[in-house]
Amino acid sequence: MSRFSTLSALVVLAATSVAAGPCDIYASGGTPCVAAHSTTRALYSAYDGALYQILRDSDQVTVDIYPIETGGVANGPASQDFCVDTTCVITTIYDQSGKGNHLTQAPPGGAATGTDPNGYDNQAAAFGAPVTLNGLLAFGVFIAPGTGYRNDATNGIATGDAAEGMYAVFDGTHYNGGCCMDYGNAEVSAHDTGNGHMEAVYFGLGTGFATGAGSGPWILADLENGLYVGDNTAVNENDPAVTSRFITGFVKGEPGNQWAVRGGDPTTGNVATYYSGVRPSPDYNPMSKEGAIILGIGGDNSDASQGTFYEGVMTTGYPADDIENQVQQNIQAAGYAVTSLVSGPAVSVGSAVSFQATTACCTTRYIAHSGDEVNTQVVDSSSDSALKLSASWNVVTGLGNSGCVSFESRDTPGSYIRHSGFELYVDANDGSALFGTDATWCPQSGINGEGNSIRSWSYPAHYFRHYNAIGYAASNGGPSDFDTTTLFVNDTTWIVGAAWA
Ligand SMILES: *[C@@H]1O[C@H](CO)[C@@H](O)[C@H](O)[C@H]1NC(C)=O
């Protein structure tokens, strides 16, 4: 950079000086961050280091993603450019606090082992959770069931009954009842070592002891062997069911049998106290915190939950309510907003479509079905009308997320393409949340540069794929035969055209 451009850069920085970040606010309250994780933005005004690392599945090369300016938003477009014509996963979420408490692929634990050869959990697809911050594109961490991050050898995180605070910002519309969409303090062994060995923010339909009002989902706290939002009271009417697109949850605890759970929609800047008072019993006073950090899993690596994480921190010391309120206002000022979940040629709700394979072997083949099995079949203008109908699909609003679509069979109205065990089926919609989730697809620009790739909303590493003429929701290099990297890019790319019938 020339002297002249350095000077202009300084002038620009001075003119747009970045406001304090959440960790600057915590430090001003005497409760500094000892872990700070976000794939969407810097959490200190002076942070200009790497935010996260992604791995490109085509050649196994990694790259670090930085904020676009010191203290600024993550460079989402840089991650997209790096991953063009292939798929990517998030390998590391860096700790911005300087303590080195980075999060990486979670190892096997007491409750669950993952699908990779070493039993590790899955890593999140890099583009499952697009969002904008004051108009700038960034990506959250989309936790599909089986996904998890962890650090069991941390530095500076509270142990025993020591005071700490934390918050996490989640997608308020992405959740389930599986254990456990957590962010926070957990066991260093990845095994359940008993009550009080965790202190983490949780978001979901919480089936482990306490709940909030109504039917959920709720911000709760995972204290191990129980999700709590109070003492031993089973229902806390002060903890509302979340209805907002974004939700911040705060959890904090200190010696002397005191803890609190707070939260609110960050786009309003407001925080409510759901609970502040004594701990549940037995064995939660004093606490036995161990100081590992988890994201998207339970302390024992239970990995059945789903949710989306945008940012979160852990502090040393018990943050004042007013400090947390300022942090929420800072998150509000970051300007989180929804953005499109789809890309590439439009696959419009209300249209009727066909899906033509693009692999050289198979360009006469289209997605069709035989009974409930989705497959590819050779279809042309002379095919009989039954086959043409079998290869024709209505595009409807996504059953599980209105930002994406579902595909209704034109010969079997009320039945939709869904994945189950990562195979594709045409099944009747039973109205369940699970069916809606499994039948929701977000069309993207085709991975091989043509047409579209049809990405699962709920498992964004998985795409419509033909393999031996059967339909799958395949991931690039995943554990099944149909996940093979050979021809993955072509087998997952489709020309979406007019319906045959
Ligand atoms: C894969 O797709 C690319 C891009 O369209 C194409 O050039 C190539 O021939 C295809 N290969 C096969 C085996 O289908």
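The values are calculated or read from the model by the stated rules, or taken from the named source; none is laboratory data. This one's a predicted model, so the numbers in the text were calculated from it and none came from an experiment. Note that each Cβ is placed from the backbone with ideal geometry, even for glycine, and that neighbours are counted across all protein chains shown. For the accessible areas, the whole protein counts, side chains as well, though only heavy atoms, and no ligand, DNA or RNA atoms are used. Shrake-Rupley method; radii C 1.70, N 1.55, O 1.52, S 1.80 Å.
At 1.4 Å probe radius, can you tell me the per residue accessible area of the stretch 384-465 in Å²? Walk me through the numbers on the way to the answer.
On the way: 2700 Å² over 82 residues.
For the stretch 384-465, the per-residue accessible area is 33 Å².
Determine the distance separating the Cα centre of the stretch 36-70 from the Cα centre of the stretch 402-469; give it in Å without decimals. Result: 30 Å between the Cα centres. Relative contact order for the stretch 323-470: 20 percent, from Cα pairs under 8 Å spaced at least 6 residues apart, divided by residue count. The value obtained for the chain, namely the Cα convex hull volume divided by the number of residues, is 143 Å³ per residue. With pairing defined as another cysteine C-beta under 4.7 Å, none of the cysteines of the chain fails it.
Sorted by mean Cβ packing within 10 Å, highest first, what order do the peptides 215-225, 258-268 take?
Values: 215-225: 25.8, 258-268: 22.5.
Result, highest mean Cβ count within 10 Å first: 215-225, 258-268.
The alpha-carbon of Lys99 sits under 29 angstrom from the alpha-carbons of these lysines, leaving out residues fewer than 8 places away in its chain: Lys252, Lys289.
Using a 10 Å cut-off on Cβ atoms, rank the peptides 161-168, 109-116 from the highest mean neighbour count down.
Working: 161-168: 24.4, 109-116: 18.6.
Highest to lowest by the protection proxy: 161-168, 109-116.
In a reduced charge model with +1 at each Lys and Arg Cβ and -1 at each Asp and Glu Cβ, the stretch 71-169 shows a dipole moment near 80 debye about its Cα centre. Packing, taken as the mean count of other beta carbons within 10 Å per residue, orders the peptides 141-151, 426-436 from highest to lowest as 141-151, 426-436.
Of interest is the spacing of the C-alpha centroids, which for the stretch 346-391 and the stretch 192-221 amounts to 45 Å. With the contact rule set at Cα under 8 Å and sequence spacing of 6 or more, what percent relative contact order holds for the chain? Relative contact order here is 14 percent. If only the Cβ of Lys and Arg carry +1 and only the Cβ of Asp and Glu carry -1, the dipole of the stretch 330-416 around its Cα centre is close to 220 debye.
If each DSSP helix of 4+ residues adds -39,500 (n - 2.57) and the sum is divided by the residues in the chain, what number results at 222 nm, nearest 500 deg cm²/dmol?
Rounded to the nearest 500, the figure is -3000 deg cm²/dmol.
Looking at the stretch 326-373, none of the chymotrypsin sites (Phe, Trp or Tyr not before Pro) sits in a DSSP loop with at most 10 other Cβ atoms within 10 Å of its own Cβ.
Across the options Phe488, Leu434, Asn448, the greatest Cα extent toward the positive end of the charge dipole of the stretch 424-501 (unit charges at beta carbon of Lys, Arg, Asp, Glu) belongs to Asn448. Under the criterion of Cα pairs below 8 Å and six or more residues apart, the relative contact order for the stretch 383-438 equals 26 percent.
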